[in-house]
1. Looking at residue 310, is it farther than 19 Å from residue 368 by Cβ and out of contact with any helix residue (DSSP H, G or I) (no Cβ under 6 Å at 6 or more places or on another chain)?
2. Being in the same structural domain as residue 116 (by TED's automatic domain parsing), over 24 Å from residue 223 (Cβ atoms), crowded, with 21+ Cβ neighbours inside 10 Å and at pLDDT below 95 narrows it down to one of 154, 150, so name that one.
3. Quick check, is residue 212 crowded, with 24+ Cβ neighbours inside 10 Å, assigned by TED's automatic domain parsing to the domain that holds residue 180, outside any loop (DSSP other than H, G, I, E, B) and free of Cβ contacts under 8 Å to residues at least 60 places away in the same chain?
4. Hey, does the stretch 170-183 have a residue that's surrounded by fewer than 22 Cβ atoms within 10 Å (Cβ to Cβ) and modelled with pLDDT under 90?
């Protein structure tokens, strides 16, 4: 049975209070900056140039190794510097609107961020999937999406805005807070997490939005995730999933070195034009050529091709044969994803027997073809089910909302 957690315990109250303070006045943040960006920010704030390198290292340690969200906790930083940082910058976590736990241990957070041009505060969903030996965090890159993939719930929410690198990184920091994955933090009683090692060991950019349509912010966040002296996630445990924004594919590989996943879902242009409309701009041949050129591609660094199983649409053995033909020569793994139903969807999931036949054929032809176990369906946290209520306000609505906020002093 799914549950929504009560956020009235002390730690949750403190996190929410910090978020509320940060959201009342939008101060610049230090979270999500790359090392060079953090150094430049400190110089601009008046930190002497001879101290900048040391200060960057100190702050990096406190933010990403110790996981602090209050400058006062940075005990080896001078009081004067802490006071200056506190007066000018924020390192607060986002507000948790809701935290849900699935019967299978999957957790979903609905997080609220400042408007930043959207008219009112915006909300996104982040999902944690615990498995034996690893814990995977599914991170969002946009509020809504522009791609309108017909089988995806997120695609029914129009794009509101891109997330900043801070907002992307904050999803991981908050998850590690809530799971007790920072030093001196306790794991919530009864939480399902890996039996040893890190609670969040893997990150997938597979949440709301198309990561390569928010390129700069996503790239910077990935570099922070992978920094060896901070969050220190292996690049082989970070995966970026794209629906096929061809110009960004090779570039993101060159600049970050993370793993690549492609939302494929069809074996011909006509069907993919319908399921994944970006295919009209970047058809299959261009997409697969970019995949073959992905930096570091090898049998040890395979591309994952995601293929949602839609009954009577793309699940025939003829489709399986064409899939094998298309991917010939590309070191690849093919994830078969049973379609996760959402309200209003016109599609049905393929019969389980048909999914297994499809998988058996692909495996017999030399490609690993795991069938993804549906997770978090009871809280709409499964693949393709994420969506928030955020919508971009019209100008007249935004002006009225801002006037109301001023009259109510931001309450």
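1. In short, yes.
2. Answer to the check: 154.
3. No: the conditions fail for residue 212.
4. Looking through the stretch 170-183, none of the residues is surrounded by fewer than 22 Cβ atoms within 10 Å (Cβ to Cβ) and modelled with pLDDT under 90.
The values are calculated or read from the model by the stated rules, or taken from the named source; none is laboratory data. Only a predicted model underlies this, so the values are computations on that prediction, with no experimental measurement involved. Don't worry about glycine lacking a Cβ; one is built from the backbone with ideal geometry, like all the others, and counts go over all protein chains shown.
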